[in-house]
Amino acid sequence: MRSPWTRIVGPLIVFALSQVANFAWPSVTAATGAEPGGITFEIIRVTAQGSTWLAAAFVAIRLLDLVLWKGIIVRRTGAPATRLLTDLVNGIILVSALAGVIAFVLDKPVTGLIATSGVAVAVVGFALKSMISDLFSGIAITLERPFNIGDWVEITGGIVGQVTNVSWRATALMQQNGICVMVPNGRLSEMVLKVYDRPAKAWRDEIEITLGYEISAHQAERILLSAATDVPEIMAQAKRPDVKIGEFAANGVKWRLRYWVPDYPKRSSIRYAVQRNILRNMHFAGVEAPPQRIETFVTQPPASVGSGGTKAFLGRVSLFKMLDEIEMAELAANVEFRLILAGTPLVRAGDAGDSLFVIKEGLCDVLIPGADGDRSVAHLKPGAFFGEMSLLTGAPRSATVRASTDSMVIEINKAAIQPILARRDALVEAMSRVLAERQIQNDRSQIETAAANDSQSARQSLSQQLLGRMRSFFGLGVAA
Ligand code: CMP
């Protein structure tokens, strides 16, 4: 690859040749018989001296490009200098070189020229005033540096883009949809700018959602906070998500879920992940968004908390989808709701227990005790169940399950589920499959054995073994 320094060689050669000509021209002119002050003499002198000035200007321009614009500035600011700044400095160098040629080579007064050009500039300036305003606004932007090349900014009208260039006339913003917006510098300097990368790249986004007045503040917090807490990029930030009330509106409470995102480009994917989690949490909690129109609200009172109640919630849990209406009602009549505050364990590893839990709202962590402290093996979301190992096998709790956000869970004890398990072999099998997966995940040595043999068949045989243990624990017959 050609070195960038080769770009400086051309002007340097011209500079050196013109210097040689400068020193040699008296003898050259003498040899050609040109008279000092004659036309040939003047042409040679002006060419040699003029080339010195112009070649020196080009050497300076290219040196600045290599050392300052693409070197020091990039190292110091992390972004290249704007085109406007480099063009401006290059222009000043060239105009100075031309002024040098006029004053010292042609021996003409520069001040007169400046006065004449001043009148011309005034006339042209009037005609091109918006372009001149763009130019000076561009210079102000370049000097003040409200943003760097590469920063994400939002301008009036909600246009958001990454600054890719500031030129004489306009600033280029590349939007996330791949469309480049050119904003005239004069207009930009009058706009209110939001710079997402200042003072730091992380910033707080928020989602507003209206929930009915029948939803308590605690329930709304559980639904909303766990939706944000469940997104790893949000939890990697130093500041935690929170919820606030935006307004008490006619059709419900406007809740604002606020969370920090690492940088602007991640905004939409994180937002979508949170929105999906909110929908999932609302689904499992049986919460619906209130009707928008107040007339509907007046004539049709909103459904009670957890539309459809416990039975409807159980129907939304995939594990229980196979149960019929009667079994669902039977189960629903025998469950207990438990509200667990963030950080509180629901079951502890090693304890005896015979209940199954299903998360209705919130998030729970599964922790396995080890020699070097608790190891988190799973993160359970609304709709997930736990406690099946002790319930089905009679063994002590294999793990500690702790609420990681305020959570609402339902507890189903052995007496409530045993009659249904006795009738529904498919339910026992579904639970045994999940149980086997979890057991394999927890037991490193079993995973290694599974990997060494055929992992699929190892899983099946483990699942069969556990199924056998469960059947004997519950005194169930063999499936037909
Ligand atoms: P149990 O042993 O009764 O109590 C702790 C529960 O944690 C256990 O049942 C499972 O329901 C759950 N659990 C254990 N390991 C995992 C895992 N790897 N993934 C998800 N849940 C688990």
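The values are calculated or read from the model by the stated rules, or taken from the named source; none is laboratory data. This is a predicted model, so every value here is computed, not measured. With ideal geometry, Cβ positions are generated from the backbone for all residues, glycine too; neighbour counts draw on all protein chains shown. These area figures cover heavy atoms from the full protein model, side chains too; ligands, DNA and RNA do not enter into them. Shrake-Rupley method; radii C 1.70, N 1.55, O 1.52, S 1.80 Å.
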Given the options Pro109, Pro199, name the one that is exposed (fewer than 12 other Cβ atoms within 10 Å of the Cβ), at negative phi and modelled with pLDDT of 85 or more. Pro199
Members of the range 346-376 that are more than 10 Å from the ligand (Cβ to nearest atom), buried (at least 16 other Cβ atoms within 10 Å of the Cβ) and part of a strand (DSSP E or B): Val358, Ile359, Lys360, Glu361
Where residues in the range 310-329 are without any contact (Cβ under 8 Å) to a residue 24 or more places away in the chain and part of a loop (DSSP other than H, G, I, E, B), which of them is least open to solvent (accessible area, probe 1.4 Å)? Asp324
I'd like to know if the range 64-85 contains one or more residues that are among the basic types (Lys, Arg), surrounded by fewer than 18 Cβ atoms within 10 Å (Cβ to Cβ) and over 22 Å from Trp168 (Cβ atoms). yes
Give me a count of the residues in the range 372-430 that are of a type in the set (Lys, Arg) and free of Cβ contacts under 8 Å to residues at least 40 places away in the same chain. 1
Can you run down the residue pairs with Cβ atoms below 7 Å, 6 or more apart or on separate chains, where the first is in the range 49-74 and basic (Lys, Arg) and the partner is assigned to a helix (DSSP H, G or I)? Arg62/Arg7; Arg62/Ile8; Arg62/Pro11
Give the number of residues within the range 172-192 that are aliphatic (A, V, I, L, M), under 25 Å from Val261 (Cα atoms) and open to solvent by 50 Å² or more (accessible area, probe 1.4 Å). 3
Criterion first (farther than 15 Å from Gln19 by Cβ, touching a residue at least 40 places away in the same chain (Cβ under 8 Å) and in contact with a helix residue (DSSP H, G or I) (Cβ under 9 Å, 6 or more places away or on another chain)) does Leu85 satisfy it? yes
Out of the residues in the range 377-389 meeting the condition of being of a type in the set (Gly, Ala, Ser) and surrounded by 20 or more Cβ atoms within 10 Å (Cβ to Cβ), tell me which one is nearest to the ligand (Cβ to nearest atom). Gly387
Residue count, the range 257-293, condition over 22 Å from the mean Cα position of the chain (by Cα) and surrounded by 14 or more Cβ atoms within 10 Å (Cβ to Cβ), comes to 11
Pick from the range 390-416, criterion away from the ligand (no atom under 13 Å from the Cβ) and outside any strand (DSSP E or B), ranking: farthest from the chain's Cα centre (by Cα): Ala415
Just wondering, is there one or more residues in the range 252-272 that are at positive phi and touching a strand residue (DSSP E or B) at 6+ places or on another chain (Cβ under 6 Å)? yes
